[in-house]
Amino acid sequence: MSEQKLTGAQIVIKALKDQGVDIIFGYPGGAVLPIYDALFQQNDIKHILVRHEQAAVHAAEGYARSTGKVGCVLVTSGPGATNAVTGLLDALCDSIPIVCLSGQVPTHLIGNDAFQEADTTGITRPCTKHNYLVKDVNQLARTLHEAFYVARSGRPGPVVVDLPKDVQFADGIYVPPTEVKHKTYRPQVKPEIARVEEAIELIASAKRPIFYTGGGVINAGPFAAKLLTQFVKTTGFPITSTLMGLGAFPASDQQWLGMLGMHGTYEANLAMYNCDVMINIGARFDDRVTGKLSEFAPGSKKIHVDIDPSSINKNVAVDIPIVGDCGAVLEDMLRLWKAKQKRADQTALKAWWGQIEGWRARNCLNYNRTESVIKPQYALERLREALRGKDHYITTEVGQHQMWAAQFLPFDQPNRWMTSGGLGTMGYGLPAAIGAQLAHPDAIVVDVSGEASFLMNMQEIGTAVQYRAPVKIFILNNKYMGMVRQWQELLHGSRYSQSYSEALPDFVKLAEAWGCVGLRATKVEEVDQVIQKMLEVTDRPVIVDIAVDEKENCFPMIPGGKAHNEILLGPDDSPSDATPEDGMVLV
Amino acid sequence: MEEKIEKHTIAVLVDNEPGVLARVIGLFSGRGYNIESLTVAEVNNADHLSRITLVTSGTRMVVEQIKAQLDRLVPVHKVHDLTDEGPSVERELALVKVAGTGEKRIEALRLADIFKAKVVDATLTSFVFELTGTTAEVDDFVGLMAQLGLVEASRTGVVAMSKGAAGF
């Protein structure tokens, strides 16, 4: 080990390199100038200059989710750090591994209300998995390695390392990332085998089983998705997934029921309601999924696999909890299933599938295929056809378009779908698309967007142009904050309070002003042509403005506070009785 | 389906590093859990370990959540539910200031003797008593002093430990 002294800033760069960082998203400022100086003097780490720190974190999330690696962010003190907060919480809610380095005023000024000072560790404590303030340059390298270990281990999440400016200047000793043996944080990866055996027995005895999977499978890596697919195929059971888990099991498969939850398919939600054995792998019984808790899958036995023990029995009491990494658990499940020569009850399963096919026949994603106006669903169907067979990644913003994208775009592989699930952050999609595009320069990356969400982080077009990231911003423009409008229509007497998108820019001209390609479709027959043109552009971003039906609502929908079997299929399917008051207060 | 509210005493061993107490308290306030009492002090100087004892209440599901949430904090070494894990002893220390003269003053001293409270400060018109006992004993003593010229009470909150030879 060389005892050579480096400055704190040099230690940062060396630690990042040793952690395999090739791209860092950031924005300079006074308190991180030494690190920017060190970045300037090397070529291994590429710095991507964003236009706002929130976008730096989302871009790092897009990078992380499309590669499975840790995303890295660099921001300055004070406003730099506070701007990053939304991104950090977004990554915490969706369990995305991020290391965010923030500048801090010099140690002797901390607590003195210095210029651009913020209590960053205080502010980010509830928005991160963990955070550090490094006051001793000789602890810097170890802390950075630990930050990466914490970010990617167990249930992944964002970690902030706050770096006072004097520490960046000070000379210290670098230590390499030897096998980090963290003294306290050692998440359980391997499951308790007795529990897995119990689970196998229950699975084999099921008459009306269902797999309900989530982001935990994606986070466990592509191998876990492969094992899941194998296990589901072996059992012949139906499978549904949360918004976060799309792509872990191929959507083109017959056993796939589509997404479940508030805007999930009829067949997925009814199968959940009527199942007798639920196999939850890496999902967390989120309120968007469960609906009314007291009527959530009544009469079912539940298995819950999760790497985070605090996810178990939090919202829903389960019969067989299994703590462990989804991949490790699936490996054991598959092995034991084969070793014990288990076979599903074929007669019961056949009857169950018969019931499910009946629900599927309702064709719940059907919509009015009119020629007079572009339906958002139609635009996405055409996008789906145009992307078929092409190497592509999808990000979204938040709202109706997000749910339609989840319903209408099929994902056959993990890590291809990036959306803000837990926090529901409008403005996520564009920076996330940039992050995914930079990680996969030759792939097609589409941000399915709404006009309101796009405006929230549209400054990032500048970033995309600067780095020639040819992201496709596919705006389903209905001139409303569509999901707000939908709730106002269904729950607040169609009083559209502040949900109309006034004073919208001309998106084509906006694109041209940035030096991008701008395209617009206002008629049904223009959609295919516009998508085709969009896909032909490979050297700059494209903004596509699709003028869709302003009044289209997203169905199916389980209104707040309702159970899965109270799902509404369409506009004629009005709520049976007024949404109960306890449902009204739910978001 | 009204679930029973249980009271639990939980011991947590943590790294004594800046912010660790804020993490624990933030967890309770952020997630809406109750803290009835919380004490913390370093117990192992060499390894910089602190022991937090907290008393909380909630349904069985909430108490299990609290333990799981505490356990996943990065600087937390161990979480033990002393209420669940068999017999334990719990003690509080209190300083109780009582002012007065005459019969009330004599009665205060007499009660202090019964409760085995120590006089740690005395003037012609006041006493400060030091009392160690269970939360209920301290409650009783402070309650009695309220009628005899209680000025103020300062309590440590509960510290607790399992009975028997086994350690944390």
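Could you list A:M403, A:M534 in order of exposure, starting from the residue whose Cβ has the fewest other Cβ atoms within 10 Å?
A:M534, A:M403
Amide H of B:S126 versus every other amide H placed in the peptide plane: which residues, excluding those fewer than 5 positions away on the same chain, fall under 5 Å?
Distant-sequence amide H within range of B:S126: B:G100.
Would you report the distance distribution of C-alpha pairs in segment A:193-360 as whole percents per 5 angstrom bin, up to the bin with the largest distance?
2, 10, 20, 25, 23, 15, 5, 0
What is the order of A:M244, B:M145, A:M481, fewest Cβ neighbours within 10 Å to most?
In increasing order of surrounding Cβ atoms, one gets A:M481, B:M145, A:M244.
May I ask for the distance between the Cα centers of segment B:107-168 and segment A:83-152, given as a whole number of Å?
Answer, in whole Å: 43.
With a ≥ b ≥ c the root eigenvalues of the C-alpha gyration tensor of segment A:301-350, is it rounded (a/c under 1.5), prolate (a/b larger than b/c) or oblate?
oblate
With r as the distance between the Cβ atoms of B:N34 and B:E130 and R0 = 35 Å, compute the FRET efficiency 1/(1 + (r/R0)^6) and round to 0.05.
About 0.80, to the nearest 0.05.
Given an 8 Å cut-off on Cα distances and at least 6 residues of separation, report the relative contact order of chain A as a percent.
Computed over chain A, the figure is 14 percent.
Among B:H48, B:H80, what is the fewest-to-most ranking by other Cβ atoms within 10 Å?
B:H48, B:H80
Please give the length that would be gained between A:E357 and A:D171 if that part of the chain were fully extended, namely 0.36 nm times their separation in residues minus their C-alpha to C-alpha distance (nm, one decimal).
60.2 nm
Just from its helices, what would the mean residue ellipticity at 222 nm be for the protein assembly as shown, if runs of 4 or more DSSP H residues each count -39500 (n - 2.57) and the sum is divided by every residue, rounded to the nearest 500 deg cm²/dmol?
Helices in the protein assembly as shown give a 222 nm mean residue ellipticity of -10500 deg cm²/dmol.
Through the Karplus equation 6.51 cos²θ - 1.76 cosθ + 1.60, θ set to phi - 60°, convert the phi angles of segment A:459-470 into ³J(HN,Hα) values in whole Hz; use x for Gly and Pro.
Values per residue, Gly and Pro as x: 4, 6, 3, x, 4, 4, 5, 4, 9, 6, 8, x Hz.
From other protein chains only, count the Cβ atoms within 10 Å of every residue's Cβ in B:69-80, then give the mean.
4
What list of ³J(HN,Hα) values in whole Hz, one per residue of segment A:187-203 in order, does the Karplus curve 6.51 cos²θ - 1.76 cosθ + 1.60 (θ = phi - 60°) give from phi, with Gly and Pro shown as x?
x, 6, 9, 7, x, 6, 5, 4, 5, 5, 5, 4, 4, 4, 4, 5, 4
How much net charge surrounds A:G261 when only other residues with a Cβ under 10 Å from its Cβ are counted (Lys, Arg +1; Asp, Glu -1)?
After counting each charged neighbour, the total is -1.
A:Q341 to B:D47: FRET efficiency via 1/(1 + (r/R0)^6), r the Cβ-Cβ distance, R0 45 Å, to the nearest 0.05?
0.35
If you take every residue apart from A:K233 with its C-beta less than 13 Å away from the C-beta of A:K233, what net charge results, scoring Lys and Arg +1 and Asp and Glu -1?
Counting the neighbours of A:K233, the net charge comes to +1.
List the residues whose amide H sits under 5 Å from the amide H of A:I24, counting only those 5 or more places along or on another chain, with H placed 1.01 Å from N in the peptide plane.
Counting only residues 5 or more places away or on other chains, the set is A:K46, A:H47, A:I48.
Rounded to the nearest 0.05, what FRET efficiency is calculated for B:L93 and B:F168 with R0 set to 22 Å and r the Cβ-Cβ distance?
That gives a FRET efficiency of 0.60.
Counting Lys and Arg as +1 and Asp and Glu as -1, what is the net charge of the other residues whose Cβ lies under 15 Å from the Cβ of B:A94?
Cβ neighbours under 15 Å give a net charge of -3.
Is the C-alpha gyration tensor of chain A telling us rounded, prolate or oblate? Criteria: a/c under 1.5 is rounded; beyond that, a/b larger than b/c is prolate, otherwise oblate.
oblate
Taking the convex hull of the alpha carbon atoms in segment B:88-161, what volume per residue do you get, in Å³?
70 Å³
What percent do you get for the relative contact order of segment B:88-161 when only Cα pairs under 8 Å and 6+ apart count?
52 percent
Can you work out ³J(HN,Hα) from phi for every residue in segment A:271-285, in order, using Karplus 6.51 cos²θ - 1.76 cosθ + 1.60 and θ = phi - 60°, giving whole Hz and x for Gly and Pro?
5, 5, 5, 9, 5, 10, 9, 10, 10, 8, 10, x, 10, 10, 6
Would you mind checking which residues have amide H under 5 Å from B:L49's amide H? H placed 1.01 Å from N; only 5 or more apart, or other chain.
Those qualifying (amide H under 5 Å, at least 5 residues apart or on another chain) are B:N16, B:V43, B:N44.
Using alpha carbons only, how many angstrom separate the centre of segment A:452-499 from the centre of segment A:166-205?
Between the Cα centre of segment A:452-499 and that of segment A:166-205, the gap is 39 Å.
Values quoted throughout were computed directly from the atomic coordinates according to the rules given, and no laboratory measurement underlies them. Since the model is a prediction, treat every value here as computed from it, not as a measurement. Don't worry about glycine lacking a Cβ; one is built from the backbone with ideal geometry, like all the others, and counts go over all protein chains shown.
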